[in-house]
Amino acid sequence: RIADAAERAVHDDSADVAVARWRAAVTRDPHDREAMLGLATVARSIYDFDSADSLFSALLALEGRKPDAWSVQARLGLYRVANGRGENGVSDSILRIAIADARRIGDRDAEVAALFGFSTTRVSDIGALYATMDSIRRLLPPGDGRDRAEHLGRTGVFRGVGGEPNALDLLSRGQAMAARHGERRLVGHCLEGYGLIQSIRGPNDSALSSE
């Protein structure tokens, strides 16, 4: 998954090598969609939203009459750019198209990514939020994986904010799974979740001490 690899490269300070490879690929073939996606994702990850917007839009412009995996990834990238800019209405609209296209072509990984996006844009509606997380859980393949680690971490945060006692256990499982798969960024998110829940509960909260 190119987008995940690009994000890991930025987080691990190895983006220069990947960027050089993708730039060389685009020089050879301006329509190299793998390279375009990688460069766009790196730009978005370092908050160069203008460059990311341009690259994702160029990738989307290569879409044929029907959506494909590349056009869905381009829309997911444009959603993340809009979300980073605080354009909530725009990001939600892009996600609606992305998830419909992902379902149309049977791309479960992209569908899960889009649903994770909805868990961000609709965080104020607890009913819709929990329904979204349940939908993600049903789509995940059996066993460990990056997406399952993220699902555990996000669910732990949401349930912790809601005062549910199993939140830290979910976060602990998500952190351990992310670590096993070398997902340092997700490990960090789980640790941030711990801090958030602890700050909400307070040091003397009995639910916290019992976990």
**Item:** Integer Hz, Karplus 6.51/-1.76/1.60 couplings in order for the stretch 105-115, x for Gly and Pro
**Value:** 9, x, 9, 5, 4, 5, 4, 4, 4, 5, 5
**Prompt:** If you plug each phi of the stretch 26-38 into the Karplus form 6.51 cos²θ - 1.76 cosθ + 1.60 with θ = phi - 60°, what whole-Hz ³J(HN,Hα) values come out, in order, with x for Gly and Pro?
**Reply:** 5, 5, 6, 9, x, 9, 5, 6, 4, 5, 4, 5, x
**Asked** To the nearest 10 degrees, how steeply does helix 2-11 sit against the main Cα axis of the chain, on a 0 to 90 scale?
**Response** 60
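Kindly provide the helix-only [θ] at 222 nm of the chain, computed as the sum of -39,500 (n - 2.57) over DSSP H runs of four or more divided by all residues, to the nearest 500 deg cm²/dmol? Mind showing how you got there, number by number?
Working: 12 runs with 164 residues, N = 211.
It lands at -25000 deg cm²/dmol.
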**Net charge of Cβ neighbours under 15 Å - reference Arg23; Lys, Arg +1; Asp, Glu -1** = -2
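Kindly provide the chymotrypsin sites (Phe, Trp or Tyr not before Pro) of the stretch 1-71 that DSSP labels as loop, not H, G, I, E or B, and whose Cβ sees at most 16 other Cβ atoms within 10 Å. Could the numbers behind the result be given before it?
Details: sites: Trp22, Tyr47, Phe49, Phe56, Trp70; in loops: Tyr47.
Listed in order of number, the matching sites are Tyr47.
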**Backbone HN-Hα couplings from phi across the stretch 53-62 [Karplus 6.51/-1.76/1.60, Hz, Gly and Pro as x]** = 4, 4, 5, 5, 5, 5, 5, 5, 5, 7
**Prompt:** Which trypsin sites (Lys or Arg not before Pro) does the stretch 80-185 hold that lie in a coil by DSSP with at most 16 other beta carbons within 10 Å?
**Reply:** Arg85
**Prompt:** By its C-alpha gyration tensor, with a ≥ b ≥ c as the square roots of the eigenvalues, how is the stretch 1-68 shaped: rounded for a/c under 1.5, else prolate for a/b larger than b/c, else oblate?
**Reply:** prolate
**Asked** How do Glu34, Glu183, Glu164 stack up against each other in accessible area, from largest to smallest, with a 1.4 angstrom probe?
**Response** Glu34, Glu164, Glu183
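The values are calculated or read from the model by the stated rules, or taken from the named source; none is laboratory data. In this text, all values refer to a predicted model and were calculated from it rather than measured experimentally. Positions of Cβ are generated from backbone atoms using ideal geometry, with glycine treated the same way; all protein chains shown enter the neighbour counts. Side chains included, ligands, DNA and RNA excluded: accessible areas come from the protein's heavy atoms. Shrake-Rupley method; radii C 1.70, N 1.55, O 1.52, S 1.80 Å.
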